[in-house]
Structures are given as structure tokens and as C-alpha cells.
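To start, the structure itself, in C-alpha cells.
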């Protein structure tokens with residue numbers, strides 16, 4: 001993995017300079033992270049050549065609702081929250097554009113709160129819209145599920161981000177929570193292997209660092225509002241307020257630019273081959289799916305499709321037409337009480353599962369009494385919703401043509417699974433010559 005290779009030199013026990021005021025070393029890269037209320041003077045900020053990247057706050061918990069209801073006070077609060085959310089997103093996009101224009105690496109973090117972790121992950125992706133070179137981070141402020149996202153939910157959040165983007169976020173948390181994750185790394189198999197963004201506002205962290213899968217930090221947040229004032233601060237970044245957060249990397253500027261955005265897991269020597277994310281198939285286009293089906297058929301692998309069971313009568317001809325895409329000859333007219341159903345069968349030719357987009361015009365109708373029952377006929381690709389699949393005729397009447405039956409029906413919907421064709425309400429499905437889709 002690219003991250004493992006670039007951090008290889010840093011995964012051994014580090015020297016005093018790594019854990020003792022490393023920001024004083026000229027060869028260390030620094031990163032600023034800010035939330036929406038931190039003012040930034042970009043022109044002054046970039047005068048500090050040690051600053052390599054900028055991580056902006058993106059989403060915060062669940063997305064606030066757009067529609068508001070309740071008492072007058074509740075509606076005002078609801079609207080205020082959404083306005084804040086919208087303004088923060090605009091500011092985030094502006095800052096990202098500015099930072100990248102100035103040559104800084106960009107990252108985004110999600111402030112993880114109690115609530116559905118999948119919805120929070122989706123909120124983060126909608127808000128941040130991360131590009132492939134944008135660092136992503138989950139901010140778990142503390143191991144307190146009443147105030148912040150639980151570690152179990154954080155694992156779900158991380159897994160969903162990886163499935164959606166193909167990359168892992170890094171983990172921001174404090175020393176106590178990081179130590180707890182390291183001590184329970186068999187339980188938190190994902191969190192314990194994320195690159196660590198370590199928050200501890202001490203000049204030295206050697207004896208406190210949570211050894212486990214982590215042998216060193218990726219980023220160390222060493223300066224923030226709790227320890228900074230107008231009189232003193234471990235590091236002051238030009239163009240930023242005194243409460244700005246400042247982070248030091250475990251590597252120099254060039255190494256950091258190559259390792260960014262840290263989308264891989266760190267190595268776990270005791271479990272090198274453990275699969276942590278299930279392989280979930282992604283949606284594909286109709287053209288791609290058909291091409292793959294043809295390849296499978298050529299290799300002798302059957303394709304599954306729904307088709308009608310063996311039966312005779314005009315309804316069998318209807319199902320042959322709808323599901324197989326072929327016009328089946330009608331049997332001689334005879335009194336019937338016909339019903340139909342669908343069963344799963346194996347077909348080696350995927351083309352046999354094709355569905356006609358539109359059939360021929362209705363034929364001349366004969367007198368008949370029709371009993372209509374709703375039903376759904378399915379195939380491997382398309383879905384046909386017909387108004388009925390069973391009918392009966394009086395003793396002295398015959399279904400001389402299938403059109404006698406279908407002419408009394410109102411077609412509901414014929415839709416293709418991938419949106420290739422739709423039928424108008426005025427279309428009537430009748431047997432006859434099929435116009436197959438191109």
C-alpha cells in the first residue's frame with residue numbers, strides 16, 4: 001500500500017524528536033485545521049513555508065431538516081440551523097478553492113455525533129464532496145456515546161465511507177480514546193488501523209502515546225485554544241487567530257505531499273490478511289450488464305431469467321411474447337379458463353430475456369366476459385406490470401383471438417430496469433409482431 005510504504009520509516013519506535021516538540025524541527029510539515037468561525041488571512045498564511053496543508057470542518061452530525069414544523073420557536077430554531085448549515089457549506093467550498101489555488105493540500109473532517117452513522121457518512125459526502133486527493137477524517141472527540149458518536153458507530157461510518165469512495169478516512173481523537181481503541185484493537189479492527197490524528201496539548205507525548213497498531217502518529221494536534229492566548233502559544237500561524245488548531249506531521253513536506261490523502265489502513269503485523277470490508281458489487285449500466293451476460297453465456301455459464309411455465313392457450317402466447325421477446329403462434333380457438341404464473345428457469349442465451357418495447361395494434365375484438373386479477377411478471381432485466389393475468393369466458397363464447405382478452409385491459413406500465421424504454425398509457429399490449437428494442 002502506498003501509505004505503508006511511505007510511512008515505513010516511521011512505523012518503528014520513534015526517537016525523542018518525534019514525541020518531544022517536533023514542530024521546532026525545520027524539516028517537519030505543519031497543517032492547519034479550522035472550523036467555520038476561524039477567520040483566515042490566506043495571503044499571510046502562505047508566507048509560512050512549513051504550512052503544507054489545510055483541513056477544514058465539513059459536516060456536523062446529521063444534516064438538519066429543510067422542512068420545519070412545530071411551535072413558532074421550534075420552527076425558528078429549525079430554520080436557523082439549516083441556514084447555518086448552508087452558509088457553512090458555502091464557506092467550506094470557498095476555502096477549499098482558495099487553499100488549492102495557493103498550493104496547499106486540502107482535507108475535510110466530519111464532527112461525529114450520536115445518530116445514524118450511515119446517514120452521517122452520507123451527510124459528510126454530500127457536504128464535503130471529496131475529490132480523490134482530498135484527505136477525509138472522522139472526528140471522535142471523546143469516548144462518550146451520550147455526547148459523541150460511539151466507537152461502534154464510528155466503525156460503521158468508516159466502513160461506509162470506504163465503500164462509497166474506495167478510501168479510508170483518518171481518525172482524529174484524544175489520547176484517552178486513542179488508548180482505549182489501541183487496548184481493544186481486536187474489537188475495533190478498523191478504527192485501530194486508521195492513520196491517527198492525535199490530539200494532545202503537551203510538549204512531550206512519549207510515555208502517553210497509545211502503542212498498539214500505531215507506532216507513531218500521522219498528525220499530532222499540539223496547539224489549540226485551550227493552551228493558546230495572546231501572550232503564549234506553542235506555535236503561531238500568520239494570518240490566523242490565536243485559537244487556531246495547528247498540527248505537526250510525522251514526516252517532512254515532500255513526504256507528506258506524497259502520502260496525502262492517507263487513504264489506506266496501517267499495517268497490522270498480527271493480522272496481515274484479515275478482510276475488513278465486504279466486497280459489495282456496485283451498480284452497472286445496462287450495456288455493461290448485457291455484455292457481461294454475453295460473456296458468461298459464451299463461457300457456458302447460464303443466465304437466470306423469469307419465464308412462463310409450460311402451458312397452452314392464448315395466455316401462454318402472451319407470456320412468450322412479453323418475457324421471451326418472441327411471437328408465439330396462437331393455438332386453435334377453444335373454451336378456456338386460463339391462469340398463468342411465472343417460475344425461475346435457466347437460460348443460456350441472455351437475449352431470450354429481452355422484452356419488446358411495444359407490440360402490434362389490437363386485433364378485432366370478440367364478445368367476452370373478462371375477470372381481471374392484478375399480477376406482476378418479472379424477467380432478469382425488465383419488469384412488466386400487467387393489469388391482469390387470468391381470464392374466463394362464458395360457456396357459449398370463445399377467445400377467438402388473444403386480442404379479445406387484451407382489448408378489455410388497460411395497460412399499466414412497461415418499464416425497463418435501466419430506463420431504456422417506457423410505454424405510454426395509451427399503448428395496449430396485444431399479441432402480434434413484436435418491435436424489439438434496438
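Enumerate the strands (runs of 3 or more DSSP E) found wholly within segment 189-265, keeping only those where 2 or more residues are within 21 Å of residue 138 (Cβ to Cβ) and free of Cβ contacts under 8 Å to residues at least 40 places away in the same chain. Before you say what the answer is, go through the steps one by one.
Values: elements: 196-199, 219-223, 245-249.
Strands (runs of 3 or more DSSP E) meeting the threshold: 196-199.
Can residue 100 be described as touching a strand residue (DSSP E or B) at 6+ places or on another chain (Cβ under 8 Å), surrounded by 13 or more Cβ atoms within 10 Å (Cβ to Cβ), more than 17 Å from residue 60 (Cβ to Cβ) and in contact (Cβ under 8 Å) with a residue 60 or more places away in the chain?
no
The conditions are (1) out of contact with any helix residue (DSSP H, G or I) (no Cβ under 8 Å at 6 or more places or on another chain); (2) under 24 Å from residue 93 (Cα atoms), and residue 165 fails exactly one of them. Which is it?
(1)
Looking at residue 67 and the list (1) touching a helix residue (DSSP H, G or I) at 6+ places or on another chain (Cβ under 9 Å); (2) at pLDDT 95 or above; (3) more than 24 Å from residue 265 (Cβ to Cβ); (4) in a loop (DSSP other than H, G, I, E, B), which single condition is not satisfied?
Of the numbered conditions (1) touching a helix residue (DSSP H, G or I) at 6+ places or on another chain (Cβ under 9 Å); (2) at pLDDT 95 or above; (3) more than 24 Å from residue 265 (Cβ to Cβ); (4) in a loop (DSSP other than H, G, I, E, B), the odd one out for residue 67 is (2).
Scan segment 34-55 for residues that are free of Cβ contacts under 8 Å to residues at least 60 places away in the same chain, surrounded by fewer than 19 Cβ atoms within 10 Å (Cβ to Cβ) and in contact with a helix residue (DSSP H, G or I) (Cβ under 6 Å, 6 or more places away or on another chain) and jot them down.
Matches in segment 34-55: 36 only.
I'd like to know if segment 141-148 contains one or more residues that are closer than 23 Å to residue 247 by Cβ, in a helix (DSSP H, G or I) and out of contact with any strand residue (DSSP E or B) (no Cβ under 8 Å at 6 or more places or on another chain).
no
When you look at residue 173, is it out of contact with any strand residue (DSSP E or B) (no Cβ under 6 Å at 6 or more places or on another chain), assigned to a strand (DSSP E or B), modelled with pLDDT of 95 or more and closer than 30 Å to residue 233 by Cα, yes or no?
So residue 173 passes the test.
The values are calculated or read from the model by the stated rules, or taken from the named source; none is laboratory data. It should be emphasised that the depicted structure is a prediction, and the values quoted were computed from it without experimental measurement. A quick note on method: Cβ atoms are made from the backbone with ideal geometry, for glycine too, and the neighbour counts reach across all protein chains shown.
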